[in-house]
1. Could you give me the ³J(HN,Hα) list for the range 239-252, computed from phi with Karplus coefficients 6.51, -1.76, 1.60 and θ = phi - 60°, whole Hz, x at Gly and Pro?
2. Once a ≥ b ≥ c are taken as the square roots of the eigenvalues of the Cα gyration tensor of the range 260-306, is the result rounded (a/c under 1.5), prolate (a/b larger than b/c) or oblate (a/b not larger than b/c)?
3. Using amide H atoms built 1.01 Å from N in the peptide plane, name the residues 5+ places from Glu276, or on other chains, whose amide H lies under 5 Å from its own.
4. Stretch Thr282-Lys118 to full length: gain in nm at 0.36 nm per residue minus the Cα-Cα span?
5. How are the C-alpha pair distances of the range 229-268 spread across 10 Å bins, as whole percents from the shortest bin up?
6. Taking the mean number of other Cβ atoms within 10 Å as a proxy for protection, how do you rank 257-269, 128-140 from highest to lowest?
7. Take each of the peptides 25-37, 274-286, average the number of other beta-carbon atoms within 10 Å over its residues, and list them starting from the highest.
8. Can you compute the modelled spin-label distance between Arg90 and Phe51, with each label point 7 Å from Cα toward Cβ, in nm?
Amino acid sequence: MLKHLNSIRYMYIRSHLYGLILNTFILLSILLSMYVWFQPDWLSAGAILMFILLYVVLGFIMSLYAGFRSSGDVKHRLDYISMMITQLSRGNFSKRIYFNENDEIAAVGDELNVLGEKLEQQKDSLVKLADEKSELARTAHKAATIEERQRLARDLHDAVSQQLFALTMMAQATEKIFDRRPDKAKEQLQEITQMALQAQTEMRALLLHLRPVHLSGEPLAEGIKTLIEELRQKCQIDFDVDMEDLGDLPTTVEEQLFRVVQEALSNILRHANASEVKVEATHDQKEIFLHIADNGVGFDTEDKKANKASYGLKTMRERCEEIGGTYSLRSRKGEGTHIDVRVPVKVNEKGEKE
């Protein structure tokens, strides 16, 4: 009930009633002044009272009628404006309203029409940008896939293919001198064995890149442990794994961190000649910390552009930056390589990672 009394229609009625009260007091003061000063015969106290009561009753009725009628048009126009705002809030930016009057309410309606037109233009622009972004994402994914395939093909040719070719040549040469020079043949067989092991290591490293990026529903920590367990069975490397439960992470973060570990292990297999590898993952309320270290040959970080692993190192850095993380590399010749990755995580009001 009180809410209805605050409507625009009742505001108009109240304004007319305020005018009636004011006019009543003015009229009463005039009549009383005439009665006191001039005392005409036709003006008596009873006549003044009767006139004022009649005036108030008729004025009250007229105020109700005039306030109700005069507020009707304004109320309808405000209802149209309210409906216009509702349509805009629901995303119907093509809605328009028009008034024949030329007053402030009509000006508000014109401004809403302009606002709706601008919002409609922005909506069209956002849809166009979304389509362009989707197309760019598909193009970028296609380009990245082609680049990765070209890289794998180049690595297969530069490493494994050449090693297999050398193995074939040395095997043929060993076969020819096997009876005449058995000592020399034995030395070459040892070299063939080493080259075969190196080619096998190269193939394992390249196969890491062909492993699916998704974790098959496993958490990141479990996926990394599974990957390292597979390498344990195939490589003569001692893996020291310390993985905390990292909780629920966004899919993009898990995929990128998993790829970073894949790339790091691939570089270690191919270039580090390491016997020990440490993989550690921890987290606190602010960030996830990933540490990968080996005791391999190491390299000069200042000259990493000339190093065969430079592309992989660049890829790891880019993956970290894509998820808002930081990437740090420390390495010296003969002292192994250490990689540190820090990725910030969001914490909700209950202190849990989102």
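1. 9, 10, 10, 9, 10, 7, 6, 7, x, 7, 10, x, 4, 4
2. prolate
3. For Glu276, whose amide H was placed from the backbone, the distant partners under 5 Å are Asp238, Asn295.
4. Details: separation 164, 0.36 × 164 = 59.04 nm, distance 4.90 nm.
That works out to 54.1 nm of additional length.
5. Reading the bins upward from 0: 22, 49, 26, 2.
6. Details: 257-269: 23.2, 128-140: 10.0.
Put in order of decreasing packing, that is 257-269, 128-140.
7. Details: 25-37: 12.2, 274-286: 15.8.
The most tightly packed comes first, giving 274-286, 25-37.
8. 5.8
Values quoted throughout were computed directly from the atomic coordinates according to the rules given, and no laboratory measurement underlies them. The structure presented is a predicted model; accordingly, all values stated were derived computationally and were not measured. Here Cβ is always computed from backbone atoms with ideal geometry, including for glycine, and neighbour counts include all displayed protein chains.
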